[in-house]
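Any read-out appearing in this document is the output of simple, stated calculations on the displayed coordinates, not a laboratory observation. Since this is a predicted model, take the numbers as computed values, not measurements. For neighbour counting, all protein chains shown are included, and Cβ atoms are generated from backbone atoms with ideal geometry for every residue, glycine included.
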């Protein structure tokens, strides 16, 4: 009976710790948002709030609470591993695979080697490490060198989305960042097992090789099991909240299972088999992303759950930071930060040069790989848990270095993207103009049309026969004088460069403009407002898109009756949704099936048009260069898809 009361008391205490931490986490999310307005990275904000709330300052999260909240840390780490695995989408990486592989090999070898050497040197300067044995200091150096290789896929993707960057340099950078984290997890598994052997047994044993092979085999096998479980969970119809909880539960069960393997292996074979749970989760997530029909649902769960998990994880990590270590060993942080930057410069420039990339890429090749965040902090917290005593102090130093990398990395990546000219945002933050439209004529509705097109990043200009008489008080748009309808007159104001010409004059004038554009310019889209129904045929022969005001209203009302939702979406009446036609100009998507497109969860393909004719589209329809893909979705998501399909 006493044992039951004791267990109940422990449970109540854990619930109290959990409630207190929940209050801190909610406050962390709110306060970090305020810090974000000061251009401070959100993760840094979470860490600072965790530090202030932790035992070192206010004590809202006590020293005794941290071990009891370990399960939260494990759930978050498993989730981060799922997120990393979901970025390993083979179709997105294969076109730059040569450069990606060479860069990864270069960084793994050189950054690992150089930072490990620097780490071994500074262990002699750190009070709680310099008295350790030679083999333990080697283990510490190898662990630090491994974490130095990692980068931050989430931070890199945020920079790319902010600048709307697209191009070979961008693709290589994000490919290396994503794939390298997978490689680092495998390397960390090897180094962690080796470190345990060096620390516990005082040296290297041949048994270590067999142990590592067994651990990797078990990890890949359990990763396959996770894949099967994920498929079963994601196959549930609806119930998105239930699926989110079950995905998080799988992460926790993975940690519990690997801990059980450690205990059982030590008891029955006298050897501790450490199967890295992060590796298991990444493998399972990779298989779900590439070899299941539930990729979109899985991505949606990760996107919706991620912000809450990151708040909890980084706040809890901040509570573990030792303020004394940070203040007394700040120079160690700077030494390791500098050593990692130098190593990354050498490794990246060497790898890019070996891959045969342009010199402009070689010079800035190191800039995308300075940023660290999620997976780096996750591995650092594992050291704190696995090695009591010196592990907590080492983790604090590593977190300090990671924070410096997180603050300096994104600006460097932005600078690199601007230097290689793969940024699609102006210096003032506005989007680059995508298409040029010339409207011939000026009526009451013209200004409203021009403003709507401008809101969608079109460059709109007008051409009228007498600008001074027809238009007054216009300060928004460029207005040209229309002196004639021959190609020389139209070329005076650059009509040959227009993507679309809209004609709102008389039918004879409209036909003269369209005929000139058709024969001399090859303008992609010609749009005419028809005045007399009898003239429809001659416009149609030129391939002009004709809008007849006499029938347009009837047709519109008919569509509202027959398909109200579709008509609302196509007319842009739903504020959160839009529709768009995108021409496939990126050769990377030539031959890709529609089912293999990694589209955002809120984007749907309506149709594919090839050679001016719509084709019956299904999941196995292969895209071709020049295809026009019609999609509907949120404006933000459609913009990302358009940048991908149109290429660079």
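Here are the numbers for the structure shown:
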quantity: Nearest-0.05 FRET efficiency for residue 610 and residue 558, computed from C-beta distance (R0 22 Å); calculated: 0.20
quantity: Fraction of beta bridges assigned by DSSP in the chain that are antiparallel (%, nearest 5); calculated: 45 percent
quantity: The chain - percent relative contact order, Cα under 8 Å, separation 6 or more; calculated: 14 percent
quantity: Förster radius 41 Å - calculated FRET efficiency between residue 296 and residue 475, Cβ distance, rounded to 0.05; calculated: 0.35
quantity: Nearest 10 degrees, 0 to 90: helix 2-36 Cα axis against the chain principal axis; calculated: 40 degrees
quantity: Measure of compaction for region 496-545 (Cα Rg per 2.2 N^0.38 Å); calculated: 1.01
quantity: Computed over region 435-553, the ratio Rg/Rh where both radii use C-alpha atoms and Rh is Kirkwood; calculated: 0.94
quantity: Label point distance in nm, residue 547-residue 224, each placed 7 Å from Cα along Cα→Cβ; calculated: 5.9 nm
quantity: Label-point separation in nm, residue 121 to residue 133, each point 7 Å along Cα→Cβ; calculated: 2.7 nm
quantity: Fewest-first sequence of 369, 387, 314, 134 by Cβ atoms within 10 Å of each Cβ; calculated: 134, 387, 314, 369
quantity: Scaled radius of gyration (Cα, divided by 2.2 N^0.38 Å) that the chain gives; calculated: 1.16
quantity: Ranking of 533, 166 by count of other Cβ atoms within 10 Å, fewest first; calculated: 533, 166
quantity: √(5λ) per eigenvalue of the Cα gyration tensor, region 574-646, largest first, Å; calculated: 19, 13, 12
quantity: Per-q log10 I(q)/I(0), region 308-423, q = 0.12, 0.20 Å⁻¹ (Debye; single scatterer per alpha-carbon; no solvent); calculated: -0.52, -1.05
quantity: Estimated 222 nm signal from helices in the chain, with DSSP H stretches of n ≥ 4 weighted -39500 (n - 2.57), rounded to 500; calculated: -20500 deg cm²/dmol
quantity: Inter-part distance where region 253-307 and region 344-359 are each reduced to a Cα centre, Å; calculated: 34 Å
quantity: FRET E, pair residue 456, residue 235, Förster distance 25 Å, beta-carbon r, rounded to 0.05; calculated: 0.05
quantity: Cα centroid separation, region 124-151 to region 532-557 (Å); calculated: 76 Å
quantity: Tilt relative to the chain, helix 549-562 - C-alpha long axis, 0 to 90 degrees, to 10; calculated: 40 degrees
quantity: Additional length obtainable on full extension of the chain from residue 418 to residue 538, 0.36 nm per residue less Cα span; calculated: 38.4 nm
quantity: In nm, spacing of pseudo-spin labels at residue 90 and residue 506 (7 Å Cα→C-beta vector); calculated: 6.5 nm
